[in-house]
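Written below as structure tokens is the structure these notes are about.
The values are calculated or read from the model by the stated rules, or taken from the named source; none is laboratory data. Note that this is a predicted model, so its numbers are computed, not measured. For neighbour counting, all protein chains shown are included, and Cβ atoms are generated from backbone atoms with ideal geometry for every residue, glycine included. All accessible areas refer to the heavy atoms of the entire protein, side chains included, with ligands and DNA or RNA removed. Shrake-Rupley method; radii C 1.70, N 1.55, O 1.52, S 1.80 Å.
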Number of protein chains: 2
Amino acid sequence: MIKEQKNKNNVKIALIQSAVSEDIKKNLEITLQKIKQAAKNGAQIVCLQELFRTIYIGESENKDYFKFAEADNGETVAAMQKLAKENKIVIITPFFEVAAGKNKNTNEKEYFNTAVVVDADGTIAGKYRKMHIPNDPGFWERYYFKNGNLGFHAIQTKYAKIGVLICWDQWFPEAARIMTLSGAEILFYPTAIGWYKEKESAVYEEYKNGWLIMQRSHAIANSVYVASVNRVGKEFADKSIDKVTFWGNSFVCGAFGQFISHASENEEIIYADCNLSENKDVRDSWGFFGGRRTDAYKGLLKKGIKDSKK
Amino acid sequence: MIKEQKNKNNVKIALIQSAVSEDIKKNLEITLQKIKQAAKNGAQIVCLQELFRTIYIGESENKDYFKFAEADNGETVAAMQKLAKENKIVIITPFFEVAAGKNKNTNEKEYFNTAVVVDADGTIAGKYRKMHIPNDPGFWERYYFKNGNLGFHAIQTKYAKIGVLICWDQWFPEAARIMTLSGAEILFYPTAIGWYKEKESAVYEEYKNGWLIMQRSHAIANSVYVASVNRVGKEFADKSIDKVTFWGNSFVCGAFGQFISHASENEEIIYADCNLSENKDVRDSWGFFGGRRTDAYKGLLKKGIKDSKK
């Protein structure tokens, strides 16, 4: 007898919010244990935080950190494939990707901020390379990563068609919209975001709230679930100038932007039961997609405004 | 001696949140009084709620309501021009517009849900016709209004370059983005939104919160101020089936989505001091505009998903 009748439109997801040490072997081991725990608790799709295996390297520009880069069939992805198959779960696996450059005659490599979606049978369902790359104090990602070159495309898994976007993508309504238009039913955002808390605590709250509001708005505008996974803890605590506290607050929200699960600033695994057919009802009731004025949206393809990122 | 040193980047705005009766003459008189009060209190830009002169006609499909339509040089706009000039204020004036149809040989008319921006010298600074027209129970606007045909374009006024969008436009990130790209420093949303409160109060809260989150997200994504003006009160209280309560909650928020002013569900005039140069600082610090991947946004021009609005 089964404990719970599973509707094919229901999917249970888990987000693993962790602190990370400088020991990449230990980070992997701990994460594998937590995924097993999530699977035991019924999770069907597990999402890890951005660059879960290492400290957040964007904190500084450090040549040495390129050693963390792996191929998309490297140790990290292989470990997840094994675990996914054993537990019949989907695992969204973010990692620092190194790939061969376009010119096959040179040894040139390309580096991306990537997430591979491992399907419940251990095969690779798809891959996303972070499209919007930040370059702010403490988030110097352009030093490491090229702009993603695979576009925004939903990935079909055993349990749901999902859209994976990564961290800074959160601030761009365009990314969430195109991902939904390509069929995503849940948007996942592996993330690493925090603040120099000690310096300006009022600003800290404004940034954190803005971060929550922005992502909840994607759920509303697109009638989808949004699941965001952030890390916690203080990294580089011994280098006083760039002491960053990652604010956790991983969450899952529904199509009205309402929180279904919302983590603290400590290590946590959070869960949410998502009813995908409910989303379709909300979407049909609002009619936002049919109501879109695509005839008047050409302006979206223009850069238009110059700022610090050019 | 002047009471307050005015920086040219500072602008004080006022939003007039009112209940509306079936007496359109009285509605105009009361509104003119409130605008004078706002001007006396230092407001430089005053925004009125959607279709401020009449009950919210979208509540039902009623041929009789076409009598409320006016030309863009009709009584309502003329009254605002006079008041704007006398008080040196900008007045955002939403009204039910009737215009000559395209075919000049016929007597055919076209109807729009419009806002005229009256500049501080009484001249017309620009006009916006609501682009996204809803058609939901209690919001049957497609019976009355054609899709707006003037696009999304910011309007230069004496005190700021502003973007006017109307009600259902709120749910579309595309509208806020293009309006900002065209130069808007403050986005104004004249609005009429409410709920059948008695029926499902939990849903009421979810809708209201979703409405707030969605608009605050436009401020964050675009590093602009957002000012939304909604009506209050119960309309059609004697026709039990469609008793709608407009939820007020007019607000102004800054570029982190933080509330600067936030009204109750009662009649109110709310004010906010907007520092436009602060917005530019936030924008440059985030770099969202420079970071946009316009090379990968073509998907935004596709309808993609079918729903109740086709």
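If you go through the range B:246-259 and keep only what is within 12 Å of chain A (Cβ to nearest Cβ) and either surrounded by 23 or more Cβ atoms within 10 Å (Cβ to Cβ) or among the aliphatic types (A, V, I, L, M) (or both), you end up with B:253, B:254, B:255, B:257.
Scanning the range B:289-310 for residues that are touching a Lys or Arg at 6+ places or on another chain (Cβ under 8 Å) and among the aliphatic types (A, V, I, L, M), we see that the one that is surrounded by the most Cβ atoms within 10 Å (Cβ to Cβ) is B:300. For residue B:218, the conditions (1) within 16 Å of residue B:162 (Cα to Cα); (2) open to solvent by less than 30 Å² (accessible area, probe 1.4 Å); (3) away from chain A (no Cβ under 11 Å) are fulfilled apart from (3).
Does residue A:296 satisfy being more than 22 Å from residue A:160 (Cα to Cα) and within 7 Å of chain B (Cβ to nearest Cβ)?
Judged against the criteria, residue A:296 is a match.
The set of residues from the range A:64-81 being closer than 16 Å to residue A:23 by Cα, in a helix (DSSP H, G or I) and aliphatic (A, V, I, L, M) is empty. Looking only at residues of the range B:268-288 that are free of Cβ contacts under 8 Å to residues at least 40 places away in the same chain and facing another protein chain (nearest Cβ under 9 Å), we find that the one that is most open to solvent (accessible area, probe 1.4 Å) is B:284. Screening the candidates B:33, B:37 for the property of being more than 27 Å from residue B:143 (Cα to Cα), of a type in the set (S, T, N, Q), in contact (Cβ under 8 Å) with a residue 40 or more places away in the chain and surrounded by fewer than 24 Cβ atoms within 10 Å (Cβ to Cβ) yields one hit, B:37.
Screening B:76, B:106, B:123, B:114 for residues that are crowded, with 17+ Cβ neighbours inside 10 Å, polar (S, T, N, Q) and more than 24 Å from residue A:296 (Cα to Cα) leaves exactly one candidate, B:76. Could you please find all residues in the range B:89-114 being under 18 Å from residue B:153 (Cα atoms) and touching a Gly at 6+ places or on another chain (Cβ under 9 Å)? Within the range B:89-114, B:112, B:113, B:114 meet the criteria. Answer with yes or no whether residue B:181 is in contact with a strand residue (DSSP E or B) (Cβ under 6 Å, 6 or more places away or on another chain), within 14 Å of chain A (Cβ to nearest Cβ) and open to solvent by 20 Å² or more (accessible area, probe 1.4 Å). No: the conditions fail for residue B:181. Being within 17 Å of residue B:279 (Cα to Cα) and more than 12 Å from every other protein chain (Cβ to nearest Cβ) is the requirement here; does residue B:145 meet it? Here the answer is no, as residue B:145 does not meet what is asked. Is it fair to say residue B:104 is basic (Lys, Arg) and touching a residue at least 40 places away in the same chain (Cβ under 8 Å)? Answer is no for this residue.
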